[in-house]
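Note sheet for the following structure.
The values are calculated or read from the model by the stated rules, or taken from the named source; none is laboratory data. Note that this is a predicted model, so its numbers are computed, not measured. Ideal geometry is used to build each Cβ from the backbone, glycine not excepted, and the neighbour counts take in all protein chains shown. Only protein heavy atoms, including side chains, enter the accessible area calculation; ligands, DNA and RNA are left aside. Shrake-Rupley method; radii C 1.70, N 1.55, O 1.52, S 1.80 Å.
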Amino acid sequence: MKDENSLNRRRFLGLTGKSIGAAAMFPLLNTKDLFGGIKSEKQLGIALVGLGGYAMGQLAPALKETEHCKLTALVTGTPSKAERYGKEYDIPESHIYNYENFDEIVDNPDVDIVYVVLPNSMHAEYTIRAANAGKHVICEKPMAVSVEESEQMIAACKANNVTLQIGYRLHFDPYNQAIVNHTKSGKNGLPKYVNAEFGFTIGNPNQWRLKKAMAGGGAMMDVGIYCIQAARYATQEEPVSVTAQEFKTDAVKFAEVDETITWQMEFPSGAVANCNTTYNFRTERLQVSYERNNFQAILSPAYIYGGLKGTLGGEPLDFGNPNQQALQMDAMAVAINNGTVTSASGEEGLQDMKIIEAIYKSIAMNSARVEL
Ligand code: NAD
């Protein structure tokens, strides 16, 4: 299975310009957006900050498959993780930092990119410290817990002349990009309606995701953000207003953060998105209805790491099961080597934070329509 995944990913990466044959296999992909059409030379070094579920379950393994970047340093507050993962990934002690001596990373020439994979409330601090150390930054979603912090992060990266990108892996996923490219093609006119839902049943009631101070919010900040993203990339438009409704079935577990939110977004063309996010049940889909020919694009599941399924105008999509994280980090490394950033920029993250704040504002105003 792994070999098959790896092969699919390599075929997909072949689109960077190395293989015309591969491009013919995936005609829906816009490779120019993905890699800027240029292959990079230097393999960039990445330091992972925060060795939790996502960093060590997805990103570190993906970095074994990347061509344009590799894992060169670790940052953790837990000595046992430093020992275990240092050994597993062959990272020398000199390249393992804790949260106190993290700033010494400035002197490590093997680290080009700091990848922040901490709880949401820590994203801003570590992004700004990394930028001050002269390192390019990739920061996980949501980029911060407020618009204000997001703007500070963008400013810090600009001031230090480093780039900032957000871990929006679906910008590099062929299934979601097939929808983007269909919209851009205009073949069936404009998207008129988007239905985007992402939720799951959250377990442990003591985890940081349920603490407002650490998470900034609940399901909306964690997975609702994928629906905002999907509606934006599927329509290729920015919403002009939001209206939102909040529902809570467990006032104890969700005392600090949102459990379930439904919301609507209006777009300048008149397109409407109807979205749902929750920590109370599993739901995961993206549907886009176009202006002409009763044409629909449907993905379900739409946002998880693998096994995405869907149809475009009734035709099944099949891009295999590429490693989204490897594609994302390679695309970001290539962009950095080319002196640019991917579409998953800091500004892209900031726009989502503005929409999230508008959604919370609508709820606070009894589901009033909030203009953006
Ligand atoms: P996690 O709880 O598994 O890991 C968080 C890490 O931060 C742990 O290693 C923990 O030790 C460390 N940490 C440092 N200080 C901490 C503190 N004060 N409190 C709690 N933990 C502390 O979480 P995760 O699922 O890996 O999520 C980390 C980030 O990655 C989040 O921002 C999340 O939104 C994002 N994420 C993104 C994706 C994606 O698909 N892009 C998937 C999962 C998580």
Pro142: in the same structural domain as Arg232 (by TED's automatic domain parsing) and under 18 Å from the mean Cα position of the chain (by Cα), yes or no? no
If we scan region 67-88, do we find a residue that is under 17 Å from Val106 (Cα atoms) and open to solvent by 50 Å² or more (accessible area, probe 1.4 Å)? no
Hey, could you check region 103-123 for residues that are open to solvent by 10 Å² or more (accessible area, probe 1.4 Å) and aliphatic (A, V, I, L, M) and say which is farthest from the ligand (Cβ to nearest atom)? Val106
Tell me the residue from Asn188, Asn176, Asn181 that is within 30 Å of Asn321 (Cα to Cα), assigned to a helix (DSSP H, G or I) and over 17 Å from the mean Cα position of the chain (by Cα), please. Asn181
Within region 211-235, of all residues that are free of Cβ contacts under 8 Å to residues at least 60 places away in the same chain and over 21 Å from Leu308 (Cα atoms), the one nearest to the ligand (Cβ to nearest atom) is Lys211
Residue pairs qualifying under the 8 Å Cβ cut-off, at least six apart or on distinct chains, with the first in region 79-99 being assigned to a loop (DSSP other than H, G, I, E, B) and the second being away from the ligand (no atom under 15 Å from the Cβ) and of a type in the set (Ser, Thr, Tyr), are Ile91/Thr72
Which is closer than 18 Å to Leu372 by Cα, of a type in the set (Asp, Glu), open to solvent by 30 Å² or more (accessible area, probe 1.4 Å) and more than 13 Å from the ligand (Cβ to nearest atom), of Glu238, Glu197? Glu238
What are the residues in region 128-173 that are within 16 Å of the ligand (Cβ to nearest atom) and either surrounded by fewer than 19 Cβ atoms within 10 Å (Cβ to Cβ) or part of a loop (DSSP other than H, G, I, E, B) (or both), if any? Glu140, Lys141, Pro142, Met143, Ala144, Val145, Ser146, Gly167, Tyr168, Asp173
